[in-house]
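S.K.: There's a structure below that I have some questions on.
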Amino acid sequence: MSTNTVEVETSWSASLLAEPCAVILFGASGDLARRKVIPALYDLAAHNSLASRFALIGFARTPMTDDTFRAAVEEAAKSISEVGPIDSEQWKEFAANLFYCPGEYNDSQSFARLAKRLAELDEQRKLGGNRLLYLSTPPEVYPVIVEQLGRAGLARPATPESWVRIIIEKPFGRDSASARELNQIVHGVFEENQVYRIDHYLGKDTVQNLLVLRFSNGIFEPLWNRNYVDHVQITAAETLGVERRGGFYETTGALRDMIQSHCLQLTSLVALEPPATFDATAVRNEKIKVLQSIRPFNLEMVAQNVVRGQYAAGPIGGKPVPGYRQEPNVSPQSRTETFVAMKLLIDNWRWAGVPFYLRTGKRLAKRTTEIVIQFRRAPHIVFRGRDVEPNKLILNIQPDEGISVSFGAKRPGTEMNIGNVTMNFTYREGFGEATRSAYATLVNDCLRGDATLFDRGDSVEAAWKLVDPILEVWSAAKSTPVPGYPAGSWGPRESDHLLERDGYAWHTP
Ligand code: BG6
């Protein structure tokens, strides 16, 4: 497919310049900070998207000096970051802005030291009192950090011209009650418009492209409803296992880790009504309406429409890998699910009767995140005896970022035979460049005060409310076995049955 990419000035944040500021990164010695957050800031600096007057203060329990912190994050950025190759000269320039403040999260003295260091750097570097507070710690310490920030006077802007914002990583709560409680703690210290709850899927170019595809083209939106769409499939499949996160995953599982957040975000973007404008309030208002329209699960629906599974040993890429129960820090009797498939129904005018099938899992056959919109069959096939596949619009979120459309075409030859063909657009070919790191996009948006791609407090609670009944049913059903699936497969057989029952099959990526 030829993709002629004429540049149109439609960037929603390009015109806004990042102001001088300090970023205070809590959990700075952790994996996420080193692998994603700091490399994302480097990426922004390397692309001239950060103000030259900038400072990052890492705060964590590990004792380190500024220099050892710089060396540690450089090593991590060069070996495991997702922003591509790190240029040594550019890194040197960037690293001169990195500082470290060791401290305990429940110790007011540590926060007083942090406030002092921050004030000195602000003064020396003329940062204008602007602060981005980034919580990249285990979620258990969010409440205490928020409270300490409040007590240390770090949560409020010092002047009417300056700003203070806080980014809070997922998971935001473990269920709707704990999310509500956390929202209350956060709102005790910050205004909602200072709070940026991050879900990195929303920072992926291909996820944002879903909105561009729907609302900047004339051809898709008229078909985007129950009259033309037969069903929707959303797959977020990983080949990785739980890696070194066994301890965290044991108490989390795929429903909390992926469905409540990433998969429901994708569902909202596929299903939302056109927002009045592309701004935080309008877009987020439409997103929450989708969550509120999803039919709530009851006991019977959980049994019929939700499938869980746990990976057993099997081959990934030709190599044997252990089962989940053999992973470090995982109980040999664990009942934690590493796979979920479910059927959702959205009770509104646009989607009534159109099933949305979601599935996610670790140690599956292929790493892929995709959304498949399957259209209704043509009402009448005039080519008698010729079966025609339904049309599909496939949005490849990752790793082969792009879009494809499948349709029937006449096979060459004297006979009237029909073949299924696809038209493909890939980001790499269409735009000649790869997509950017999701974290770079989101940190950039937050620095510019654009919350469109962040989650609002009410919306996180609404997403938890949907999964609450499933969590309850599963925790009560202690003797029901959790179906196993071999690593390298597409999950338990029950997942296929979920679609077969309705006359469908999962799209094989
Ligand atoms: C995270 C989950 O939010 O998303 C991880 O906690 C998961 O378990 C990851 O591996 C997947 O993200 P991505 O961008 O690699 O699809």
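S.K.: For the range 234-254, which residues satisfy the criterion of being near the ligand (Cβ under 9 Å from one of its atoms), in a loop (DSSP other than H, G, I, E, B) and touching a helix residue (DSSP H, G or I) at 6+ places or on another chain (Cβ under 8 Å)?
M.R.: Across the range 234-254, the qualifying residue is only V242.
S.K.: Restricting to the range 38-58, and then to whatever is closer than 28 Å to F248 by Cα and touching a Leu at 6+ places or on another chain (Cβ under 6 Å), can you tell me which residue is surrounded by the fewest Cβ atoms within 10 Å (Cβ to Cβ)?
M.R.: Ranking the candidates gives L56 first.
S.K.: Looking only at the range 202-226, filter to residues that are basic (K, R) and part of a loop (DSSP other than H, G, I, E, B); which one of those is surrounded by the fewest Cβ atoms within 10 Å (Cβ to Cβ)?
M.R.: R226
S.K.: How about the range 354-392: which of its residues are of a type in the set (A, V, I, L, M), more than 16 Å from the ligand (Cβ to nearest atom), in a loop (DSSP other than H, G, I, E, B) and within 30 Å of the chain's Cα centre (by Cα)?
M.R.: V354
S.K.: Six or more apart or on different chains, Cβ under 6 Å: which pairs go from a residue in the range 310-328 that's under 18 Å from T251 (Cβ atoms) to one that's among the basic types (K, R)? Could you list them?
M.R.: Y311/R363
S.K.: I need every pair where a residue in the range 223-250 that is touching a residue at least 12 places away in the same chain (Cβ under 8 Å) and within 22 Å of L345 (Cα to Cα) has its Cβ under 8 Å from the Cβ of a residue that is within 13 Å of the ligand (Cβ to nearest atom) and part of a loop (DSSP other than H, G, I, E, B), sequence separation at least 6 or different chains.
M.R.: Short answer, once both residue conditions are applied: A237/K366; A237/R367.
S.K.: Given the options T441, T422, name the one that is polar (S, T, N, Q) and farther than 30 Å from V186 by Cβ.
M.R.: Within the list T441, T422, the selection yields T422.
S.K.: Follow-up question, since we're still on this one. Check off (1) surrounded by fewer than 18 Cβ atoms within 10 Å (Cβ to Cβ); (2) assigned to a helix (DSSP H, G or I) for A440 and give me the number that stays unchecked.
M.R.: (1)
S.K.: Could you please let me know if E429 is assigned to a helix (DSSP H, G or I), surrounded by fewer than 17 Cβ atoms within 10 Å (Cβ to Cβ), at pLDDT 95 or above and out of contact with any Leu (no Cβ under 9 Å at 6 or more places or on another chain)?
M.R.: No, not satisfied.
S.K.: Further, regarding this structure: Looking at the range 446-455 only, could you name the residues that are surrounded by 22 or more Cβ atoms within 10 Å (Cβ to Cβ) and of a type in the set (D, E, K, R)?
M.R.: If the condition is that a residue be surrounded by 22 or more Cβ atoms within 10 Å (Cβ to Cβ) and of a type in the set (D, E, K, R), then D455 is the only one that fits.
S.K.: Also, I was wondering about something else. Given the criteria basic (K, R) and under 25 Å from the mean Cα position of the chain (by Cα), does R456 qualify?
M.R.: Yes: the conditions hold for R456.
S.K.: Against the condition within 16 Å of the ligand (Cβ to nearest atom), of a type in the set (D, E) and either at negative phi or not in a strand (DSSP E or B) (or both), how does D257 come out, does it pass?
M.R.: yes
S.K.: Here is a further query. When you scan the range 194-201, do you find a residue that is within 25 Å of I346 (Cα to Cα), surrounded by 14 or more Cβ atoms within 10 Å (Cβ to Cβ) and away from the ligand (no atom under 16 Å from the Cβ), even just one?
M.R.: No: the range 194-201 contains no residue that is within 25 Å of I346 (Cα to Cα), surrounded by 14 or more Cβ atoms within 10 Å (Cβ to Cβ) and away from the ligand (no atom under 16 Å from the Cβ).
S.K.: Something else: So, D230, is that one within 16 Å of the ligand (Cβ to nearest atom) and at pLDDT 95 or above or not?
M.R.: In short, no.
S.K.: Tell me, yes or no, whether the range 335-345 has at least one residue that is in contact (Cβ under 8 Å) with a residue 24 or more places away in the chain, in contact with a Pro (Cβ under 6 Å, 6 or more places away or on another chain) and closer than 19 Å to V232 by Cα.
M.R.: Scanning the range 335-345, I find at least one residue that is in contact (Cβ under 8 Å) with a residue 24 or more places away in the chain, in contact with a Pro (Cβ under 6 Å, 6 or more places away or on another chain) and closer than 19 Å to V232 by Cα, so the answer is yes.
S.K.: Considering T360, T368, which residue is of a type outside the set (D, E) and buried (at least 20 other Cβ atoms within 10 Å of the Cβ)?
M.R.: Answer to the check: T360.
S.K.: Before we move on, is D450 of a type in the set (D, E), in contact (Cβ under 8 Å) with a residue 24 or more places away in the chain and outside any helix (DSSP H, G or I)?
M.R.: yes
S.K.: If you take the residues in the range 334-353 that are under 18 Å from V229 (Cβ atoms) and aromatic (F, W, Y), which one is farthest from the ligand (Cβ to nearest atom)?
M.R.: Looking at the filtered set, the residue picked out is W349.
S.K.: All but one of (1) under 20 Å from Y134 (Cα atoms); (2) assigned to a helix (DSSP H, G or I); (3) of a type in the set (G, A, S) hold for S49; state the number of the condition that does not hold.
M.R.: Failed condition: (2).
S.K.: Let me ask something additional. For the range 163-192, give me the residue count where each residue is within 16 Å of the ligand (Cβ to nearest atom) and of a type in the set (V, I, T).
M.R.: Going through the range 163-192 one residue at a time, the tally reaches 2.
S.K.: Next question, about the same structure. Is it fair to say S479 is more than 27 Å from N285 (Cα to Cα) and crowded, with 19+ Cβ neighbours inside 10 Å?
M.R.: no
S.K.: Does the range 74-106 hold any residues that are outside any helix (DSSP H, G or I) and surrounded by fewer than 13 Cβ atoms within 10 Å (Cβ to Cβ), and which are they?
M.R.: Hits for the range 74-106 are G84, P85, D87, A96, N106.
S.K.: Now for a separate question. Please count how many residues of the range 149-176 are under 28 Å from the mean Cα position of the chain (by Cα) and polar (S, T, N, Q).
M.R.: 1
S.K.: Moving on. Would you pick out the residues in the range 203-227 that are away from the ligand (no atom under 11 Å from the Cβ) and among the aliphatic types (A, V, I, L, M)?
M.R.: Residues satisfying the conditions are L210, L211, V212, L213, I219, L223.
S.K.: Would you point out which residue out of A71, A112, A119 is within 29 Å of F172 (Cα to Cα) and part of a helix (DSSP H, G or I)?
M.R.: A112
S.K.: Given the conditions (1) surrounded by fewer than 13 Cβ atoms within 10 Å (Cβ to Cβ); (2) part of a helix (DSSP H, G or I); (3) in contact with a helix residue (DSSP H, G or I) (Cβ under 6 Å, 6 or more places away or on another chain), which single one is not true for E300?
M.R.: All conditions pass for E300, except number (3).
S.K.: Any chance the range 260-281 includes a residue that's farther than 21 Å from V330 by Cα, part of a helix (DSSP H, G or I) and without any contact (Cβ under 8 Å) to a residue 12 or more places away in the chain?
M.R.: yes
The values are calculated or read from the model by the stated rules, or taken from the named source; none is laboratory data. Every value quoted in this text rests on a predicted model; they were computed, and no experiment measured them. All Cβ positions, even for glycine, are placed from backbone atoms using ideal geometry, and neighbour counts span all protein chains on display.
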